[in-house]
Amino acid sequence: MSSIPASPLRPLFLIEGVMKLAGGLMFMVSPQTPLAVAVAAPIPPSALLLTRLLGTQTFTLGVSMLLASAKTPQAVSSRRVVYWTVFVRDATLATVLALQLWSGDNGDALGFSPGGLRAWLAELMPFCLGHLWILTMKPQWF
């Protein structure tokens with residue numbers, strides 16, 4: 001019996017990968033759905049396009065996470081890089097949202113209300129902090 005506990009990364013990758021696939025698909029197919037919470041009607045066409053583009057990134061990261069969740073040696077060895085990639089994308093997005101809120105200038109925010117930007121930021125933060133905690137405090141899981 002091994003004294004090293006099993007890493008929980010595989011199920012975490014599977015769960016988050018499926019979530020990113022579903023979320024990315026929704027952003028691409030029906031951008032009005034997530035935007036309805038953050039943007040007053042009528043939703044600007046530029047906001048719809050940028051939401052679809054963000055959906056392609058989210059979907060792609062979901063595919064990467066699912067591929068890294070496999071039990072093959074190649075998949076296992078790729079997990080750290082995939083996790084850093086997901087973290088950096090989400091942390092960069094959170095930083096841009098926070099700076100937009102901090103500047104108070106939402107005239108160029110594609111119709112996003114401050115409350116909508118805060119909701120989006122609040123949705124991202126648990127993932128960012130969780131990824132950062134695993135990357136810095138649990139490197140043995142990789």
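Results for (1) at pLDDT 95 or above; (2) of a type outside the set (S, T, Y); (3) touching a Leu at 6+ places or on another chain (Cβ under 7 Å), shown as yes or no for each residue.
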{"residue": "M1", "(1), (2), (3)": "no, yes, no"}
{"residue": "I15", "(1), (2), (3)": "yes, yes, no"}
{"residue": "M26", "(1), (2), (3)": "yes, yes, no"}
{"residue": "P45", "(1), (2), (3)": "no, yes, no"}
{"residue": "L50", "(1), (2), (3)": "no, yes, yes"}
{"residue": "T58", "(1), (2), (3)": "yes, no, no"}
{"residue": "G62", "(1), (2), (3)": "yes, yes, yes"}
{"residue": "S69", "(1), (2), (3)": "yes, no, yes"}
{"residue": "R79", "(1), (2), (3)": "yes, yes, yes"}
Could you check the range 19-45 and list, in sequence order, the residues that are part of a loop (DSSP other than H, G, I, E, B) and aliphatic (A, V, I, L, M)? A40, A41, I43
Pull up the range 1-53, narrow it to residues that are touching a helix residue (DSSP H, G or I) at 6+ places or on another chain (Cβ under 9 Å), farther than 18 Å from A75 by Cα and among the hydroxyl-bearing types (S, T, Y), then point me to the one that is most open to solvent (accessible area, probe 1.4 Å). T33
Which ones in the range 64-84 are surrounded by 14 or more Cβ atoms within 10 Å (Cβ to Cβ) and in a loop (DSSP other than H, G, I, E, B)? S69, A70
Single match in L97, L61 (criterion: part of a helix (DSSP H, G or I), hydrophobic (A, V, I, L, M, F, W, C), open to solvent by less than 30 Å² (accessible area, probe 1.4 Å) and more than 25 Å from R10 (Cβ to Cβ)): L97
Give me a count of the residues in the range 114-142 that are open to solvent by less than 30 Å² (accessible area, probe 1.4 Å) and either more than 16 Å from the chain's Cα centre (by Cα) or free of Cβ contacts under 8 Å to residues at least 24 places away in the same chain (or both). 2
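The values are calculated or read from the model by the stated rules, or taken from the named source; none is laboratory data. This one's a predicted model, so the numbers in the text were calculated from it and none came from an experiment. Note that each Cβ is placed from the backbone with ideal geometry, even for glycine, and that neighbours are counted across all protein chains shown. Heavy atoms of the whole protein, side chains included, go into the accessibility calculation; ligands, DNA and RNA do not. Shrake-Rupley method; radii C 1.70, N 1.55, O 1.52, S 1.80 Å.
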